[in-house]
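A.B. asks: What follows is a structure written as structure tokens; I'll ask about it next.
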Amino acid sequence: MARLIPTALLLLLLLPGLALAGGIEVREFDGPVMERRYDDLTSILRCPKCQNQAIDDSDSPIAGDMRDRVYALLQDGRSDKEILDFMVERFGDYVLYNPRLEGRTFLLWGLPAVLGLLGLVLVGLLVRARRNASNRELSAEERARLDALINRERTE
Amino acid sequence: MQILMIPEIGHYALVIAMLMAAVQGVLPLAGAATRRPLWMAYARPMAAGQLLFVAIAYACLTASYMLDDFSVANVANNSNSMLPWYYKLSAVWGNHEGSVLLWSLLLAAWGYFAARFSRELPRDMVARVLGVLGLVGMGFLAFVLITSNPFERLLPNVPGDGADLNPLLQDIGLIMHPPMLYMGYVGFSVVFAFAIAALLGGRLDAAWARWARPWTNLAWAFLTVGIALGSWWAYYELGWGGWWFWDPVENASLLPWLTGTALMHSLAVTEKRGAFKSWTLLLAIFTFSLSLLGTFLVRSGVLTSVHAFANDPSRGQFILMLLGITVGLSLLVFALRAPRVGHKVGFTWLSRDALLLINNILLVIMTITVLMGTVYPLLLDALDLGKISVGPPYFNALFVPLTLLLALFMGLGQVSRWKQTPLRLLVSRLWLAAVGAVVLGAVLPLLFAERWSPAVALGLIAALWIVLPMLRDLFEKTRSARSVGAGLKKLSLAYWGMQLGHLGVAVTIVGVAVVSNYSIEQNVRMAPGDSVEVAGYTFTMNELSRRQGANFLADRANISVQHGDSRRSFAMNPEKRLYLATRMPMSQVALRPGFLRDLYVAMGEDLGDGSWALRVQYKPFVRWLWLGGLLMAFGGVLAVADKRYRRLATAPDPETRAAPATGREASA
Amino acid sequence: MNRRLILLLPLVLFLVLAVFFYQGLSLNPFQRDSALMAETFPAFELTTLEDPSRTVDESLLQGDVTLVNVWGEWCPTCKQEMPQLLDLAERGVRLVGVDYKDTREKGMGFLEEFGDPFEVNIFDPDGDLGFDLGVYGAPETFLVDADGVIRYHHTGYIKPQDVTEVILPEVEKWRD
């Protein structure tokens, strides 16, 4: 085991292999804000042709077209929402990696919140119940006897 | 002629292995239910036999690969006579049939070791554990034999050569990744079998938890390494410096990891305090179920993923059936036989028990969130509500805050005690750590980068909030000893394992926070003689050249890189390759790894006029992601080596003997 | 009793999920409806492939049910699809082509070699119309009704049996 760690660390430093050629374009931006917006938008739009890739990761022609369009629309002074709407009008909600909050996605967005609340209530109830439970620590022997009793109870 | 028989021998061995698994699955379980020692005694030899014959089958398939037997369809489709021997070895599991065979082999191996290291367990317990493992093994071997036979022949038209292994899979990361991942997935079958055995036999005491813990830790450690390797592989091979894509295949491996993490912690409570029993059992069932679910999602093609695997509906149906039977039956057993009366152990708000409860609830919420996000497009599609995508923005928005919350309670957990912790003690032990974490976390990003990022500060505070209380606890534990060294020596391996695991989480959090917010990526146009500066590094293109590789043509850039005003420089040589056989353009990324940062240069397109588009990336702390994963895994393994478990193997302590009282057997 | 019911909950949830998975097995994740379904055909102003001086716009698609096929010389599947399109034209369906991301020369050569079922071909060298149609690969086929509204969308290859089993019934449906 002790030898595994250095080996693994060595592995981490090995030089890399091939990567799929993706889209690398040199673009001029009007300032860092626009550049960041471009980066953000191209990372949350899904390439409609590919298996599961954002358009900034994909070398498929349609991803390139979409990047061009995002860039052109940004230069046109459109807002992020307008650009996303523009894409959805053409390619459907499928291209949004960040699904919109609407009727069919209520469960998706709401569930974590509901679970969080439920968890809170559960912790509250459990701890309240346990606070009043036996305050005395059982010895190992007592616990074993209790276990045996419980086991018997549930097999009857 | 003997060589030509190899695939048939392998096929035959698989059939024998499946029959042995069937015997292992049926007789010991029936024996335990009817108290027949002879039947129960079948468990161990059958487990050994199953391993032996699956290993023979696996060896036969490997031999077919090494001998270039292209009459075997599996070899012809996935190998080539030119392939180096080590890729032939790994090509065995680089495809569907072979990987399911590997799954079965590892399952049989875990089963064998479970049989081997269970000498001190009660006979009926062993029989039930191995019986459950036998049934699972039988299911998977049937899956191999019925839908995914790797020994199928292409007779009489034997191809002259094979179709070759996908170039993306010809890589060290991908050689290691699947076996590690499967070791984790399959390893959880042991604790699953323990849980079912406990339910069937009605034995749910501290000793049970103690038996189950090392197995859980080991499987979890393998899964952790597997996930880290997968992320590392994706980093340099798949995307452009991305390391986690929230792809369904990645999520499928994260799900059992999350519940497995919860399980390790809840097992601790069950062992030490005798509480959370039903919950622990349920987590054990969930963890293995999610491993199976991951296999289903990956192998059936129901979800669109970057990793395109061959999809065959009959396989999907078979795995779904396996999944349905395994999970459905075990949850039914759980519903019918889980203890009705809990052992009410008292604890207060400020106790390790309560904190671990919160830890479990958070981890389960994370699991359900990831699961929901992963299968939600499928649910909507099945309901004919249209196609949507759920991607990184959704997962990050929910996962990040949940992780921070988890970190908050991890810090508290370091110094808390079972049952109850006086508030005053907690404050006195933690106030310094809290102040230190906030101050250091807020200031450190300023020292490291020009731009202060609230996200990085938050990440560092979280990481420090995990580490500083840990140091404080170490200080407390060694204070009373004669010397620090003596004090440290007295601490158990289990303690060290826990601390290392938590340290790993902190290291990973630092890596994620820094690399996500301080990475710099620039696309530049460069011709020989041009220089660009990215993150204090000057990249100068010296020359462009062409070279002819074995099966590709490459444009190669020679770039020298200098840091700041330093006079030393190093070379980076990215290539853009055109593979002649497939006409596939591939980019050979140049990567300069380092402890504090990676530099990443990739070639894009030839822009004419002698210049190229290049992508230059600066990725600070990216190695910390995987380093953290390794630390976590090492922590898990270290805890297994603790002498408590070794003592168990030789002489059980009285408690384990005391528990098996009369009436333990199922009367139903 | 109450507790038993709670203990059954995981099983129930799992079974619900399993039903979805079973359904999911028969779904094709790559089969997606066009976002333009029941929308008006996007506005455009482009020249025809055949005559660089002739400009057409969306009014071209008014008046009759029209099958708009997006193709390109570079697309091998489009070649295999041609016999089916010729068959459809012979059966009296009005076809309009969109020569997508192509050169005039290659496009004309393609029609000469594989036949020309189209009344007219819209020349879309930059793929602008294709983009507005949400096309992400050729061939793709849209059925436009007499009012210029998109009524049916076929992604990819039209198989020989699709002609009578899918396309013609759709055409008939929207003719009334």
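The values are calculated or read from the model by the stated rules, or taken from the named source; none is laboratory data. What you see is a predicted model; the values in this text were computed from it and never measured. Every residue, glycine among them, receives a Cβ derived from its backbone with ideal geometry; neighbour counts consider all protein chains shown.
A.B. asks: Give the range B:603-616 a look and list any residue that's crowded, with 21+ Cβ neighbours inside 10 Å and in contact with a Gly (Cβ under 8 Å, 6 or more places away or on another chain), or say none.
C.D. replies: Listed by number, the residues that qualify are B:Gly604, B:Trp612, B:Leu614, B:Arg615.
A.B. asks: Then there is this: Kindly list the number of the only condition in (1) under 30 Å from B:Val512 (Cβ atoms); (2) surrounded by 19 or more Cβ atoms within 10 Å (Cβ to Cβ); (3) out of contact with any strand residue (DSSP E or B) (no Cβ under 6 Å at 6 or more places or on another chain) that fails for B:Ser389.
C.D. replies: The one condition B:Ser389 does not meet is (3).
A.B. asks: Just checking, how many residues over the range C:28-78 are in contact with a strand residue (DSSP E or B) (Cβ under 8 Å, 6 or more places away or on another chain), of a type in the set (Ser, Thr, Tyr) and surrounded by 13 or more Cβ atoms within 10 Å (Cβ to Cβ)?
C.D. replies: 5
A.B. asks: Still on this structure, please answer the following. B:Gly594 passes all but one of (1) surrounded by 15 or more Cβ atoms within 10 Å (Cβ to Cβ); (2) modelled with pLDDT of 90 or more; which number fails?
C.D. replies: That leaves (1) as the condition not met.
A.B. asks: Looking at the range C:152-159, is at least one residue of a type in the set (D, E, K, R) and in contact with a strand residue (DSSP E or B) (Cβ under 6 Å, 6 or more places away or on another chain)?
C.D. replies: No; the residues of the range C:152-159 include none that is of a type in the set (D, E, K, R) and in contact with a strand residue (DSSP E or B) (Cβ under 6 Å, 6 or more places away or on another chain).
Each row is one residue, and each column tells you yes or no for (1) over 19 Å from the mean Cα position of the chain (by Cα); (2) away from chain C (no Cβ under 11 Å); (3) surrounded by fewer than 17 Cβ atoms within 10 Å (Cβ to Cβ).
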position: A:Met34; (1), (2), (3): yes, yes, yes
position: A:Thr42; (1), (2), (3): no, yes, no
position: A:Leu45; (1), (2), (3): no, yes, no
position: A:Pro48; (1), (2), (3): yes, no, no
position: A:Asn52; (1), (2), (3): no, no, no
position: A:Asp56; (1), (2), (3): no, yes, no
position: A:Asp59; (1), (2), (3): yes, yes, no
position: A:Ala63; (1), (2), (3): yes, no, no
position: A:Arg69; (1), (2), (3): yes, no, no
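A.B. asks: When the residues of the range B:263-306 are filtered to those that are under 18 Å from the mean Cα position of the chain (by Cα), of a type in the set (Ser, Thr, Tyr) and surrounded by 23 or more Cβ atoms within 10 Å (Cβ to Cβ), which remaining residue is nearest to B:Gly636 (Cα to Cα)?
C.D. replies: This residue is B:Thr287.
A.B. asks: Need pairs with beta-carbon distance below 9 Å; first residue more than 7 Å from chain B (Cβ to nearest Cβ) and within the range A:79-108, second part of a helix (DSSP H, G or I) and of a type in the set (Asp, Glu); sequence gap 6+ or separate chains.
C.D. replies: A:Asp80/A:Asp40; A:Glu89/C:Asp132; A:Arg90/C:Asp132; A:Arg100/A:Asp93; A:Glu102/A:Asp93
A.B. asks: Continuing with the same structure: Kindly list the number of the only condition in (1) more than 15 Å from B:Leu283 (Cα to Cα); (2) within 19 Å of the chain's Cα centre (by Cα) that fails for B:Gly260.
C.D. replies: Answer for B:Gly260: the failing condition is (1).
A.B. asks: Got at least one residue in the range B:190-202 being under 27 Å from B:Thr508 (Cα atoms) and surrounded by fewer than 24 Cβ atoms within 10 Å (Cβ to Cβ)?
C.D. replies: For the range B:190-202, residues under 27 Å from B:Thr508 (Cα atoms) and surrounded by fewer than 24 Cβ atoms within 10 Å (Cβ to Cβ): absent.
A.B. asks: Okay, next question. Return the residue satisfying two criteria in turn: it lies in the range C:83-131 and is small (Gly, Ala, Ser) and within 14 Å of another protein chain (Cβ to nearest Cβ), and of such residues it is surrounded by the most Cβ atoms within 10 Å (Cβ to Cβ).
C.D. replies: That would be C:Gly130.
A.B. asks: Among the residues of the range B:381-394, write down those that are within 20 Å of A:Ile44 (Cα to Cα) and either in a helix (DSSP H, G or I) or out of contact with any helix residue (DSSP H, G or I) (no Cβ under 8 Å at 6 or more places or on another chain) (or both).
C.D. replies: Once the filter is applied, which keeps residues that are within 20 Å of A:Ile44 (Cα to Cα) and either in a helix (DSSP H, G or I) or out of contact with any helix residue (DSSP H, G or I) (no Cβ under 8 Å at 6 or more places or on another chain) (or both), the range B:381-394 yields B:Pro392, B:Pro393, B:Tyr394.
A.B. asks: If a residue has to be touching a Ser or Thr at 6+ places or on another chain (Cβ under 8 Å), among the hydrophobic types (A, V, I, L, M, F, W, C) and modelled with pLDDT of 90 or more to count, how many in the range C:1-52 make the cut?
C.D. replies: Of the residues in the range C:1-52, 2 are touching a Ser or Thr at 6+ places or on another chain (Cβ under 8 Å), among the hydrophobic types (A, V, I, L, M, F, W, C) and modelled with pLDDT of 90 or more.
A.B. asks: So which of B:Gly529, B:Gly504, B:Gly549 is of a type in the set (Gly, Ala, Ser), more than 24 Å from B:Phe399 (Cβ to Cβ) and in contact with a Ser or Thr (Cβ under 9 Å, 6 or more places away or on another chain)?
C.D. replies: B:Gly529
A.B. asks: Within the range A:55-97, restricting attention to residues that are outside any helix (DSSP H, G or I) and in contact with a Cys (Cβ under 7 Å, 6 or more places away or on another chain), which residue is farthest from B:Ser389 (Cα to Cα)?
C.D. replies: Among residues in the range A:55-97 that are outside any helix (DSSP H, G or I) and in contact with a Cys (Cβ under 7 Å, 6 or more places away or on another chain), the one farthest from B:Ser389 (Cα to Cα) is A:Ser60.
A.B. asks: Filter the range B:315-325 down to the residues that are more than 9 Å from chain C (Cβ to nearest Cβ) and closer than 13 Å to B:Thr295 by Cα, then identify the one that is surrounded by the most Cβ atoms within 10 Å (Cβ to Cβ).
C.D. replies: For the range B:315-325, the residue satisfying everything is B:Ile319.
A.B. asks: What residue, of B:Trp215, B:Trp243, is of a type in the set (Phe, Trp, Tyr) and under 21 Å from A:Asn98 (Cα atoms)?
C.D. replies: Only one candidate qualifies: B:Trp243.
A.B. asks: I need the strands (runs of 3 or more DSSP E) fully contained in the range B:514-623, keeping only those with at least 1 residues that are small (Gly, Ala, Ser) and in contact (Cβ under 8 Å) with a residue 60 or more places away in the chain.
C.D. replies: Counting at least 1 such residues, we get B:597-606, B:612-620.
A.B. asks: Okay, next question. Filter the range B:494-515 down to residues that are over 22 Å from the mean Cα position of the chain (by Cα) and surrounded by fewer than 23 Cβ atoms within 10 Å (Cβ to Cβ), then give me how many there are.
C.D. replies: 1
A.B. asks: Among helices (runs of 4 or more DSSP H) lying entirely in the range B:40-102, which contain 1 or more residues that are within 12 Å of B:Asp164 (Cβ to Cβ)?
C.D. replies: B:73-78, B:85-91
A.B. asks: Right, here's the next one. Exactly one of these conditions fails for B:Thr259: (1) away from chain A (no Cβ under 14 Å); (2) within 24 Å of A:Tyr97 (Cβ to Cβ); (3) not aromatic (Phe, Trp, Tyr). Give me its number.
C.D. replies: All conditions pass for B:Thr259, except number (2).
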